[in-house]
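Enquirer: Could you have a look at this structure, given as structure tokens, before my questions?
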Amino acid sequence: MTTTTSQPTQTSTGAPGLLDVAVLTLGCARNEVDSEELAGRLEADGFRLVTDPAEAGTVVVNTCGFVESAKKDSVDTLLAAADLKEDGVTRAVVAVGCLAERYGEQLAGELPEADAVLSFDDYPDIAARLRSILAGEQHVAHTPGDRRRLLPISPVDRDASTVSVPGHQGAATGADVLDAPDLPEGLAPASGPRTVRRRLESGPTAPLKLASGCDRRCTFCAIPAFRGSFVSRRPADVLTEARWLAGEGVRELFLVSENTTSYGKDLGDLRLLETLLPELAAVDGVDRVRVSYLQPAETRPGLVAALAGTPGVVPYYDLSFQHASGPVLRRMRRFGDSEAFLGLLDQVRAAAPLAGVRSNVIVGFPGETEDDLETLCDFLVAARLDVTGVFGYSDEDGTEAAGLDGKHDADEVAARVDHVTALVEQLTAQRAEERIGESVSVLVESLGEDGAEGRAEHQGPDVDGTVLLTGTGHAVGDLVDAVVVDSAGADLVAEPVGP
């Protein structure tokens, strides 16, 4: 779980603490962007952001609804926030985000401890919603629906301004806020229908949303139904926000979406990302641009080359393989197989021999045989990935896979997860050990008793391991040239070179 809040920046009005609000974020980097949009809207409309939920009149929990463990974390966080109401300071606990959008009235009925469950459609008027809840008015939770139906099937006919797409634009009230001359310091600037955004973290890395939603129909995934159809942000908006982030001290932009390889298809240019990358890398103050979540079947040679050869863009490939057996992938409604994926990795390493490559895999999928599992393990050995996330299959509400035959019982899925995880831990440690002697550029993100810690070009935020720098004198935000001298699991130890 990532929990983020910002420091107070303005004085609240009304009862002590009533308009103080804490925003807690669970889940992925896309949710972090959405939380910062909510925080910006709230602050611009008179709320005061506080760090400690125990000091907040309202606690907003931006939930994750991806898999069962994430749902549990979200519910646990909501219950813990509700316990704060016993002290009399916290008056309301509000659920937003994917779990809230996905289950709506059902979540509200089963979790009366939450004072309201809001949908994405409430985001443009979030401040008004909270004021209403604090005034004692009851919010009627939405009935969930398939958000893909809100936009045309044809990507080029989609207009994100007609619906609420978190992280994309402000509605009418948002535009009024953006044009206000007394906009609080630290909010993202406006140019047309832009999102209000307040940074909730002060580190040198920040996520930057390229797009929302997904048009793929993977049988195991419910995300498209509650996140909606794929919609790209316009390059001008992305660049404007990138410049603002750089002005806030961000040195690495982490480009996020549900499917980054589709960026631009609804704008009439499927290769728009290759055009945008050098423009982002050229933003004053930005040293590194990192791209996340690439669909292997859509990762074209031009994009491989752009990630490897664009100055300022790190050669980092976050490839969502999910499996390596052709038959299992077909049941997942995905393309590729072990041979195709290894061919793609050959392209990547031909373009950038030291590239970072990570992926996720699902084991125990309905119909997965012992041979399929062996195919996956053989692929992982041959692939030499830096990091692999291993997930056990579980049924997700509303997905096609929930109705497939050939299901494994929970014990068998757990056994397969343990088997693949043990293999991955070995392979990850071996891959990190192979990097001993390599020259790396480390972005310092924290300082501790053991030294400065950060990430090299091949390491993405939160999930890919870190680098511990030897020596002293480093500061957060420094970009340090170093040589890897040791490894432990996915983590590295590096010795700075030069001044």
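The values are calculated or read from the model by the stated rules, or taken from the named source; none is laboratory data. Values in this document were obtained by computation on a predicted structure and should not be read as measured data. Because the Cβ atoms are built from the backbone with ideal geometry, glycine has one as well, and the counts that use them run over all protein chains shown. Ligands, DNA and RNA are excluded from the accessible area calculation, which covers all protein heavy atoms including side chains. Shrake-Rupley method; radii C 1.70, N 1.55, O 1.52, S 1.80 Å.
Enquirer: Out of all the residues in region 204-228, which are open to solvent by 10 Å² or more (accessible area, probe 1.4 Å), farther than 23 Å from Arg455 by Cβ and not in a helix (DSSP H, G or I)?
Expert: Cys214, Asp215, Arg216, Arg217, Cys218, Phe220, Cys221, Ala222
Enquirer: Within region 359-389, track down each residue that is within 25 Å of the chain's Cα centre (by Cα) and surrounded by fewer than 20 Cβ atoms within 10 Å (Cβ to Cβ).
Expert: Scanning region 359-389 gives Asn360, Arg384, Gly389.
Enquirer: (1) more than 22 Å from Cys28 (Cα to Cα); (2) part of a strand (DSSP E or B): which one isn't true of Leu270, the others all being true?
Expert: (2)
Enquirer: When Ala352 is evaluated against the numbered criteria (1) among the hydrophobic types (A, V, I, L, M, F, W, C); (2) surrounded by fewer than 20 Cβ atoms within 10 Å (Cβ to Cβ); (3) in contact with a Pro (Cβ under 8 Å, 6 or more places away or on another chain); (4) closer than 30 Å to Ile436 by Cβ, which criterion, by number, is the only one it fails?
Expert: Condition not satisfied by Ala352: (2).
Enquirer: From the list Ala351, Ala340, which one is farther than 30 Å from Gly285 by Cβ and not polar (S, T, N, Q)?
Expert: Ala340
Enquirer: Sticking with this one: Condition first: acidic (Asp, Glu) and open to solvent by less than 40 Å² (accessible area, probe 1.4 Å). Now tell me which residues in region 444-499 satisfy that.
Expert: Asp464
Enquirer: Considering only region 369-399, how many residues are closer than 14 Å to Val413 by Cα, assigned to a strand (DSSP E or B) and among the hydrophobic types (A, V, I, L, M, F, W, C)?
Expert: Count: 2.
Enquirer: Tell me, please, whether a residue that is buried (at least 18 other Cβ atoms within 10 Å of the Cβ) and over 16 Å from the mean Cα position of the chain (by Cα) can be found in region 10-17. I'd like the intermediate steps shown before the answer.
Expert: So the first thing to find is which residues in region 10-17 are buried (at least 18 other Cβ atoms within 10 Å of the Cβ), and the list is 12, 17.
This time we only want the ones that are over 16 Å from the mean Cα position of the chain (by Cα), so: 12, 17.
Yes, region 10-17 contains a residue that is buried (at least 18 other Cβ atoms within 10 Å of the Cβ) and over 16 Å from the mean Cα position of the chain (by Cα).
Enquirer: A further question follows. So which of Val304, Val238 is in a helix (DSSP H, G or I), among the β-branched types (Val, Ile, Thr), within 30 Å of Asp372 (Cα to Cα) and open to solvent by less than 10 Å² (accessible area, probe 1.4 Å)?
Expert: Residue meeting the stated conditions: Val304.
Enquirer: Would it be correct to say that Leu245 is in contact with a helix residue (DSSP H, G or I) (Cβ under 7 Å, 6 or more places away or on another chain) and within 23 Å of Cys28 (Cβ to Cβ)?
Expert: No, not satisfied.
Enquirer: Among all residue pairs at least 6 apart or on different chains, which show Cβ distances below 8 Å where the first residue, located in region 280-291, is farther than 14 Å from Tyr317 by Cα and open to solvent by less than 40 Å² (accessible area, probe 1.4 Å) and the second is in a helix (DSSP H, G or I) and of a type in the set (Val, Ile, Thr)?
Expert: Leu280/Val238
Enquirer: Scan Asp73, Asp146 and give me the residue that is closer than 21 Å to Pro166 by Cβ, touching a helix residue (DSSP H, G or I) at 6+ places or on another chain (Cβ under 7 Å), in contact (Cβ under 8 Å) with a residue 60 or more places away in the chain and open to solvent by 20 Å² or more (accessible area, probe 1.4 Å).
Expert: Exactly one residue qualifies, and that residue is Asp146.
Enquirer: What residue, of Leu277, Leu329, is open to solvent by less than 10 Å² (accessible area, probe 1.4 Å), without any contact (Cβ under 8 Å) to a residue 24 or more places away in the chain and not in a strand (DSSP E or B)?
Expert: Selected residue: Leu329, the only one of Leu277, Leu329 that is open to solvent by less than 10 Å² (accessible area, probe 1.4 Å), without any contact (Cβ under 8 Å) to a residue 24 or more places away in the chain and not in a strand (DSSP E or B).
Enquirer: Would you mind finding the one in Ala82, Ala108, Ala70 that is more than 14 Å from Pro53 (Cβ to Cβ), over 20 Å from the mean Cα position of the chain (by Cα) and of a type outside the set (Ser, Thr, Tyr)?
Expert: Ala108
Enquirer: Follow-up. Assuming Ile436 fulfils every condition listed in (1) open to solvent by 30 Å² or more (accessible area, probe 1.4 Å); (2) part of a helix (DSSP H, G or I) apart from one, which condition is it?
Expert: Every listed condition holds for Ile436 apart from (2).
Enquirer: Looking at region 390-413 only, could you name the residues that are closer than 14 Å to Gln322 by Cβ and exposed (fewer than 15 other Cβ atoms within 10 Å of the Cβ)?
Expert: none
Enquirer: Kindly indicate the residue of region 307-325 that is in contact (Cβ under 8 Å) with a residue 40 or more places away in the chain and either among the charged types (D, E, K, R) or not in a loop (DSSP other than H, G, I, E, B) (or both) and also most open to solvent (accessible area, probe 1.4 Å) among those meeting that condition.
Expert: Looking at residues that are in contact (Cβ under 8 Å) with a residue 40 or more places away in the chain and either among the charged types (D, E, K, R) or not in a loop (DSSP other than H, G, I, E, B) (or both), I get Gly309.
Enquirer: Take Val286 and decide whether it is among the β-branched types (Val, Ile, Thr), within 23 Å of Leu270 (Cβ to Cβ) and in contact with a Leu (Cβ under 9 Å, 6 or more places away or on another chain).
Expert: no
Enquirer: Given the criterion within 20 Å of Val289 (Cβ to Cβ) and of a type in the set (A, V, I, L, M, F, W, C), identify the matching residue among Val485, Val442.
Expert: Of the residues listed, the single one that is within 20 Å of Val289 (Cβ to Cβ) and of a type in the set (A, V, I, L, M, F, W, C) is Val442.
Enquirer: Another one. Among the candidates Leu255, Leu270, single out the residue that is in contact with a helix residue (DSSP H, G or I) (Cβ under 9 Å, 6 or more places away or on another chain) and open to solvent by 30 Å² or more (accessible area, probe 1.4 Å).
Expert: The unique qualifying residue is Leu270.
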